[in-house]
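The values are calculated or read from the model by the stated rules, or taken from the named source; none is laboratory data. These numbers come from a predicted model, not from an experiment. Note that we place each Cβ from the backbone using ideal geometry, even for glycine, and neighbour counts take in every protein chain shown.
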Amino acid sequence: MRAAKGQALVHGEPAKLDRAELFKLWLQPENRAERLAQAAELCPEMGSEAATLLGQKMGSRLSPQQRDTLRKLCGQFGNRRGVELFGFLADHQLDGQKRAIDTLAHVVAAGERGRWSASGNWGPDTEDGRLCWADSPGRDYRDNSDTSLEGPILDLTGAVGTRFKFDLKTATENGPDKLTIEARPPDGAWKELARFTGSSPWTEQDLDLSAFDGQKVQLRLRFASDRSVTGRGVFVAEPRLSAQLDGSPKTLWSGQAEGPDFSLRGLLESLPQGPEALTHLELLSQIEERVGNLAQAADLYKVLSPSLGQPDFSARREALLGLVQRFGRQQAVATWPVLDHPDVYTDPGANQAVTAILQSARQAGWSTEGTWGLETAAPFGQVWSDSPGGQYANSQNTSLTSREFSLVGLKHARLEFLESHQLESTIDKVHVEALGADGKWQTLKTLVGSQSWTRDQLDLSAFDGQTTKIRFRLETDRSVTCDGIKLAALTVRAEDAGGQQVVAFRGDPGEVKLDELLASISSG
């Protein structure tokens, strides 16, 4: 198709070099005539700005093969970005290699796909040393807010058992101000997955998205506040989708916030000079395919690239990416100095010990829905509460859910905990539940009325030999509120095959300072 007179074929830029851009090329003393001639020749096809940029980068005429490469990159990424990428390939003597062109295109596309679209004040922030998304970075949120962070459309073709996982910290007015997690098919209606309000420390959230398996899905984080009382808001770290794909667990996508120091140009400029850049570019591409996010891949690339080419490189890569799959990028990178020695990461016992440390650090990471959080209660210190610092609200159905734990090979399992509760008599209830193999919650006990601190023990032997979760669920009616329930010393005990007592799960809310723990191991 012919372009309209005076217009470029791509992006509708003027097809005529203007005086300012001619002057830019005239300032290039080397091969000035060649630069001007090439820019004028390509201007009708590429537009004035991109043709001038190419003239500044290239001092000689392009070969037919180079022109094909340039057209491909400009067609995929736009004229200006395409010229910049072509310049990268030319600088590293890679512009004639299809493998290099395809790998670079994959990396750049990965950087552009999967980005969140923000409304209101949503943006990257740092909370407790963690890079995260926040509804109001660096400040308290405003009254009458209704803002959102909307994800890209994600393809779940072939995915089985899709989960949306993220770490969450909240500091909002309890009740009216809330974060809602929603999902929908493209152009469909938003469906609420979970709602969070009140104050809670960092907890790992794990939401079921299996209803969208095999389809396309879009996620939205929506924060809303009323017209009085504000706070720091909500913080979301390491949001990601995971599922079984071709029978293996895989991270399908990661929407981690990008730090201020990350840029695609800076990442490409950090690669070694010359043809060696292709090997590093391929490593970056491979990591991105495994973790689903270019910014996270860049962090992991920095950790792995010094050992590229060493005989044990593949083992190092798999050890690090295995940690990422289990515990997320931040903990994996923090742990790597402990593991980064053949005597450690190739030793099953040492590897298992470090993995156990990381797992124990996550044991306190219950999933909360609604206003559940931590408060201080003598003599126990921090305890779980359905409504920290106050009374629960009317018409509630909120929960505290443990991580999944295993009772495989164990028998006579039981749940032990300390609790005190004050509930509207016979009306408001706390249900203690366990997750069955069929995916349905089964009630172990229902608490009503009032009770001072007491130790409770519930039979879990019906779940022997399985993996399960524990849930405490508050259910209230439309009138009369009370202080609610407090929980401490949550433990699941059982017997092993030899009849010895073992702890299958410990859910105390005390916070593990993982960075300090790993630093002490590294220096020991």
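See the values below:
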| read-out | value |
| --- | --- |
| Filter result (farther than 14 Å from ARG473 by Cα, exposed (fewer than 15 other Cβ atoms within 10 Å of the Cβ) and among the polar types (S, T, N, Q)) within region 414-444 | SER425, THR426 |
| Filtered residue count, region 409-448, keeping only those that are assigned to a loop (DSSP other than H, G, I, E, B), out of contact with any Asp or Glu (no Cβ under 8 Å at 6 or more places or on another chain) and either in contact (Cβ under 8 Å) with a residue 40 or more places away in the chain or under 18 Å from ASN394 (Cβ atoms) (or both) | 3 |
| Residue count for region 73-90, restricted to those that are touching a residue at least 60 places away in the same chain (Cβ under 8 Å) and closer than 15 Å to GLU276 by Cβ | 1 |
| Members of region 220-251 that are farther than 17 Å from THR197 by Cβ and either touching a Gly at 6+ places or on another chain (Cβ under 6 Å) or not in a strand (DSSP E or B) (or both) | GLU238, PRO239, ALA243, GLN244, LEU245, ASP246, GLY247, THR251 |
| Restricting region 492-509 to residues that are surrounded by 13 or more Cβ atoms within 10 Å (Cβ to Cβ) and at pLDDT below 90, the residue that is farthest from VAL430 (Cα to Cα) | VAL502 |
| Yes/no for GLY114 being under 17 Å from LEU241 (Cα atoms), modelled with pLDDT under 90 and assigned to a loop (DSSP other than H, G, I, E, B) | yes |
| Filter result (assigned to a loop (DSSP other than H, G, I, E, B), within 18 Å of ALA237 (Cβ to Cβ) and in contact with a Phe, Trp or Tyr (Cβ under 7 Å, 6 or more places away or on another chain)) within region 142-182 | GLY151 |
| Scope region 226-240; condition under 11 Å from TRP133 (Cα atoms) and touching a Pro at 6+ places or on another chain (Cβ under 6 Å); matching residues | none |
| Criterion (among the acidic types (Asp, Glu) and either over 29 Å from the mean Cα position of the chain (by Cα) or not assigned by TED's automatic domain parsing to the domain that holds VAL480 (or both)) met by exactly one of ASP456, ASP438 | ASP456 |
| Test: residue in region 285-301 that is in contact (Cβ under 8 Å) with a residue 12 or more places away in the chain, surrounded by fewer than 20 Cβ atoms within 10 Å (Cβ to Cβ) and assigned to a loop (DSSP other than H, G, I, E, B) | no |
| Residues (hydrophobic (A, V, I, L, M, F, W, C) and either in contact (Cβ under 8 Å) with a residue 60 or more places away in the chain or in contact with an Asp or Glu (Cβ under 9 Å, 6 or more places away or on another chain) (or both)) located in region 449-471 | TRP453, LEU458, ILE470 |
| Residue match in region 84-101 (condition: of a type outside the set (Val, Ile, Thr) and within 21 Å of the chain's Cα centre (by Cα)) | no |
| Where THR376 falls short, out of the listed (1) over 15 Å from GLU419 (Cβ atoms); (2) assigned to a loop (DSSP other than H, G, I, E, B); (3) over 29 Å from the mean Cα position of the chain (by Cα) | (2) |
| All strands (runs of 3 or more DSSP E) inside region 464-506 with 2 or more residues being small (Gly, Ala, Ser) and farther than 15 Å from PHE405 by Cβ | 484-495 |
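Listed here are the residues, each with its yes/no results for (1) in the same structural domain as ARG130 (by TED's automatic domain parsing); (2) buried (at least 17 other Cβ atoms within 10 Å of the Cβ); (3) in contact (Cβ under 8 Å) with a residue 12 or more places away in the chain; (4) under 26 Å from PRO185 (Cα atoms).
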site	(1), (2), (3), (4)
VAL217	yes, yes, yes, yes
ARG220	yes, yes, yes, yes
ARG227	yes, no, yes, no
THR230	yes, yes, yes, no
VAL234	yes, yes, yes, yes
SER248	yes, no, no, yes
GLU269	no, no, no, no
